[in-house]
Amino acid sequence: MPIIPNAALARLRAGKISIGFGVHHLRTVATPAMAKAAGYDWMFIDMEHGAFSVQEATQLCMAALPVGIAPIVRVCTDALDEGTRVLDNGAQGVVIPHIDTPDLARRIAAAFRFPPQGHRSWGGPVVSHGFRPPAHDIAQAEINREVLVIGMIETAQAVANVDEIAAVPGVDCLLMGTSDLTADMGIAGQIGHARTVAAYEALIGACKKHGKVAGVGGVYDDEWAARYLRMGARLILGGTDQQFLFSGAVARYAYLDGLGA
């Protein structure tokens, strides 16, 4: 079967922004269909902070593929084996947090791509081709092209190294983890602080220089999200299931409560 295309990568390759739906708490296979119906391009399935097992994460991945929303999974920095397992079982991308050095960037680039680009192991028919892949060399080359490898920039050290990190082949995108970055810099939550803006300028500049995609995470304020997108970021996490549920539920309650006042 032909490889299932990566909707997030297709948007980015067309020069458009790509917007993600964060999943921390939802578990049912309806989740990707609802996220797609709301217009999102990819799902951010969070195994770093969400309490997902590999089984739960991959069930969401498999449910996402037929509806045309790209499943992208964040695993912990030292859990690269979980990253390869989710890729074998439906994920179209991985997010690795705390990429502070080019050495770590090279490690993740090699872990998630097949030879000759990396050393990912072939474990049999993978979900990316609907369990019916072509010859191994063809399948692996196609998967290498469609997997989105994302490293997170979340510390002052990472910002200082961002040009070298962005230069590493095989890392497609650098996503700013704004919450952890501001905490590391001693300005927790100040997404519009001058030092935060300077960090975004450094990240976006490095990505432009080396042909990589710059991403925005942890910015849910309209003004600052718009500003960072105008600066050149193209991959953005739009929010999380908890945020979406709370905002809708709170607004509806306030409206109905006001009718009875």
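Computed over the stretch 106-261, the quotient of the alpha carbon radius of gyration and 2.2 N^0.38 Å is 1.33. Residue-wise HN-Hα couplings along the stretch 57-65, as the Karplus relation 6.51 cos²θ - 1.76 cosθ + 1.60 with θ = phi - 60° gives them from phi, are 4, 6, 5, 5, 4, 5, 6, 6, 4 Hz; Gly and Pro carry x. In the frame of its principal axes, the stretch 1-90 has Cα extents of 33, 27, 23 Å, reported largest first. Using only Cα coordinates, the Kirkwood hydrodynamic radius of the chain works out to 18.7 Å. Within the listed set Ala198, Ala30, Ala249, the Gaussian network model of the chain (springs between alpha-carbon atoms below 10 Å) gives the highest mean-square fluctuation for Ala249.
Using C-alpha positions alone, give me the convex hull volume of the stretch 1-53 per residue in cubic angstrom.
117 Å³
Ignoring everything except DSSP H segments at least 4 long, calculate the 222 nm mean residue ellipticity for the chain; use -39,500 (n - 2.57) per segment, divide by total residues, nearest 500. Mind dumping the intermediate values first?
Working: 12 runs with 119 residues, N = 261.
Dividing the helical sum by the residues of the chain leaves -13500 deg cm²/dmol.
In the stretch 185-232, one over the average inverse separation of all distinct C-alpha pairs is 11.2 Å, which is the Kirkwood hydrodynamic radius.
Cβ-to-Cβ counts within 10 Å put Phe112, Phe244, Phe131, Phe52 in ascending order as Phe131, Phe244, Phe52, Phe112, the fewest first.
Between Tyr200, Tyr40, Tyr220, the Gaussian network model of the chain with springs among Cα atoms under 10 angstrom shows the greatest mean-square fluctuation at Tyr220.
Between Val250, Val94, Val216, the GNM of the chain built on Cα springs shorter than 10 angstrom shows Val250 fluctuating the most.
Counting neighbouring beta carbons within 10 Å and listing from fewest to most, the residues Ile236, Ile69, Ile187 come out as Ile187, Ile236, Ile69.
Every read-out reported here was derived from the displayed coordinates using simple, explicitly stated rules and does not represent laboratory data. The model shown is predicted, which means the values in this text are computed figures rather than measured ones. For neighbour counting, all protein chains shown are included, and Cβ atoms are generated from backbone atoms with ideal geometry for every residue, glycine included.
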